[in-house]
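Take a look at the structure set out below.
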Amino acid sequence: MAGLRLLVAAVILGFLSSTSESLRFELQSGHTKCIVEDIKANAMTVGKYSVVNPNEGHPIPDSHKLTVRVTSHYGNNYHYSELVESGQFAFVAAEAGDYMACFWAPDHKPQITLTIEFDWKTGVAAKDWSNVAKKGSVDVMELELKKLFDTVTSIHEEMFYLRQREEEMQELNRTTNSRMAWFSLLSLLVCSSVAALQWWHLKTFFEKKKLI
């Protein structure tokens, strides 16, 4: 049983470590690239970004600057940095939904390509476990157990969040089906009324012409 628990802990912690790997992408001058992350309400999120120096061992060129903005689904601004080589942000999401980090490189002639490293962590992965160990003076096993407990809590909250989203989608489907049913009934009534009106008009026309 103990071996199974350690195996589960290793799998979960391995999953957490994989989510903290940096994302590297290229961005041409004069263009914008956005990255979206779905974040739960009241979840901690941290991010770090930097422009990769194309000439290692030399100062980074002045042309390699970024403007970065992080916003929520509702347009609320959580981070903004203008013409920087690197930076970081950290905040607690006030609302659930998609959060967008947009990177913009100023226009440059001739056009250049910037390579950007970006690391975005959310939830348990965003927690600074080194500080937890220092402040709490805990040993390795206790620290791993704390990580595991927070991971299980995060998974439980994620399942609750997904269940809530599923209920919202089901309610939306029910509302849509109800509206479609009323719309179909209304369409049927309109078609029946039009057909009856046409029949009455033709009957009146033929009676006037004494054809029937």
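Condition check: modelled with pLDDT of 90 or more, in contact with a Leu (Cβ under 6 Å, 6 or more places away or on another chain) and surrounded by fewer than 17 Cβ atoms within 10 Å (Cβ to Cβ). Does K48 satisfy that? No: the conditions fail for K48. Restricting attention to the stretch 65-79, does a residue exist that is exposed (fewer than 11 other Cβ atoms within 10 Å of the Cβ), modelled with pLDDT of 85 or more and not in a loop (DSSP other than H, G, I, E, B)? Yes: one or more hits.
Selection of the stretch 108-157 for residues being modelled with pLDDT under 70, open to solvent by 40 Å² or more (accessible area, probe 1.4 Å) and in a loop (DSSP other than H, G, I, E, B) yields K127, D128, S137, D139. If you go through the stretch 80-107 and keep only what is open to solvent by less than 30 Å² (accessible area, probe 1.4 Å) and either closer than 30 Å to R163 by Cβ or without any contact (Cβ under 8 Å) to a residue 12 or more places away in the chain (or both), you end up with F89, F91, A93, G97, Y99, A101. Can you give me the number of residues within the stretch 31-45 that are open to solvent by less than 40 Å² (accessible area, probe 1.4 Å) and either over 13 Å from F103 (Cα atoms) or more than 18 Å from the chain's Cα centre (by Cα) (or both)? Selection size over the stretch 31-45: 4.
Only one entry of E171, E207 meets the criterion of being among the acidic types (D, E) and closer than 30 Å to A43 by Cβ, and that entry is E171. Residues satisfying the criterion are present in the stretch 192-212 (criterion: touching a helix residue (DSSP H, G or I) at 6+ places or on another chain (Cβ under 6 Å) and either open to solvent by 80 Å² or more (accessible area, probe 1.4 Å) or over 30 Å from I39 (Cα atoms) (or both)).
The values are calculated or read from the model by the stated rules, or taken from the named source; none is laboratory data. For clarity, every value in this text was computed on a predicted model and none was experimentally measured. Cβ atoms come from the backbone with ideal geometry, glycine included; neighbour counts cover every protein chain shown. Just the protein is used for accessible areas: all its heavy atoms, side chains included, with ligands, DNA and RNA removed. Shrake-Rupley method; radii C 1.70, N 1.55, O 1.52, S 1.80 Å.
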